[in-house]
Amino acid sequence: MFSSESQNELTPDVVLEAVQNMYYWSVDLDPCSNLGTPNVTAKEHFTIENDGLAQEWEGNVFVNPPYGRGILEPWIDKALEEYQSGRAEQIILLLPSRTETKWMQKLNAYPRCYIYGRLKFKGHKSGAPFPSCIIYMGRMPGRFTA
């Protein structure tokens, strides 16, 4: 958890519940799903095996991308592409709050929620060594901020 070696952190239940609530309990796609039993309840899951970056995203999407060094920006670019194309109606991203990075600055136009404290990802005894935020792309920014 304290290095870039760990790339796929399982989303905490409190975040998953908020995402499900935002989408009226209908997540269409998790393009960064873990191998094995999916952590996110969604209609469709892409794993490393079928490469979520190479697929089109549709509907209500939840993205908890791999957090390793140098691999976040392609996921940000993909989310922007899929939302701006209209294929993905709404996208919620769970990200490290790295406001100084180029990839985070690409998301400046979208509402966000900074998470107080450090998230405790599933399977870890302690909180993450970085702050987190949730960013929303979609037609209901008021619902998101509420």
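What number goes with the only condition from (1) farther than 16 Å from Val19 by Cα; (2) free of Cβ contacts under 8 Å to residues at least 60 places away in the same chain; (3) open to solvent by less than 30 Å² (accessible area, probe 1.4 Å) that Pro131 does not pass?
Against the list (1) farther than 16 Å from Val19 by Cα; (2) free of Cβ contacts under 8 Å to residues at least 60 places away in the same chain; (3) open to solvent by less than 30 Å² (accessible area, probe 1.4 Å), Pro131 comes up short only on (3).
Tell me, please, whether a residue that is hydrophobic (A, V, I, L, M, F, W, C) and modelled with pLDDT under 90 can be found in the range 49-70. First the steps, then the outcome.
Filtering the range 49-70 down to residues hydrophobic (A, V, I, L, M, F, W, C) leaves 53-54, 57, 61-63.
In the following step, the residues that additionally are modelled with pLDDT under 90 were identified as none.
Scanning the range 49-70, I find no residue that is hydrophobic (A, V, I, L, M, F, W, C) and modelled with pLDDT under 90, so the answer is no.
Among the listed residues Ser97, Ser33, Ser26, identify the single one that is of a type outside the set (Lys, Arg) and free of Cβ contacts under 8 Å to residues at least 24 places away in the same chain. Give the derivation first.
Numbers: Ser97 fails: free of Cβ contacts under 8 Å to residues at least 24 places away in the same chain; Ser26 fails: free of Cβ contacts under 8 Å to residues at least 24 places away in the same chain.
After ruling out the rest, the residue left standing is Ser33.
Can you list residue pairs whose Cβ atoms sit under 9 Å apart, with the first residue in the range 70-84 being under 15 Å from Asn60 (Cα atoms) and aliphatic (A, V, I, L, M) and the second being open to solvent by 50 Å² or more (accessible area, probe 1.4 Å) and not in a helix (DSSP H, G or I)? Count only pairs 6 or more apart in sequence or on different chains.
The qualifying pairs are Leu80/Lys106.
The values are calculated or read from the model by the stated rules, or taken from the named source; none is laboratory data. Only a predicted model underlies this, so the values are computations on that prediction, with no experimental measurement involved. Reconstructed Cβ throughout: ideal geometry from the backbone, glycine too, with neighbour counts over all protein chains shown. Please note that ligands, DNA and RNA were not included when accessible areas were found on the heavy atoms of the full protein model with its side chains. Shrake-Rupley method; radii C 1.70, N 1.55, O 1.52, S 1.80 Å.
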